[in-house]
Amino acid sequence: MSSLHEAIPCSDFMLLLMHSEVLIMKLKITPSSLAIVTALLLILVAIELFFLNEKKQIELQNNQKNLALELCVSKIINNEINDMVISLKTFNSLFKLNNYNPSKFESLAKEIIAINNTISELQFATRDN
């Protein structure tokens, strides 16, 4: 039964078509009924627009909350990076004050790692020419 024509015998189908045409012809639209139908349609459109507006407001609030969260996380990450950079610059300055003495590297590295928990390891690398 892929179509209406196969489900209904031909004579019944024709009768159904004629009956629907007669109903459409008998339907008289008066100005007052047209006004009522128009008013109902406008009310439905207004209700739909109201709910669409509410949905957009909720989406906007969720987007604002997400942006605020992303900004907060970004600030935390930037602060961690800045702390790490400051610690590494401090380490470099202290190491420079010790004339880049390899024997002082280990103690300075332990101090910097103890102060800044985002730095987990420092390695001493020499220049091999």
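FYI, it's all coordinate maths here, none of it is from the lab. As the structure is a computational prediction, the values presented were derived from the model and not from experiment. Please note: Cβ atoms are built from the backbone with ideal geometry, for glycine as well, and neighbour counts cover all protein chains shown.
Things worth noting here:
- Separation of the THR118 and ALA68 label points, Cα + 7 Å toward Cβ, nm: 2.5
- Nearest-0.05 FRET efficiency for ASN79 and PHE105, computed from C-beta distance (R0 25 Å): 0.40
- Along the stretch 43-55 the Karplus relation, 6.51 cos²θ - 1.76 cosθ + 1.60 evaluated at θ = phi - 60°, assigns HN-Hα couplings of 5, 4, 5, 5, 5, 4, 5, 4, 5, 5, 5, 4, 4 Hz to successive residues, with x for each Gly and Pro.
- Percent of alpha-carbon pairs separated by more than 14 Å within the stretch 85-129: 47
- Rh (Kirkwood; distinct C-alpha pairs) - the stretch 25-129, Å: 20.4
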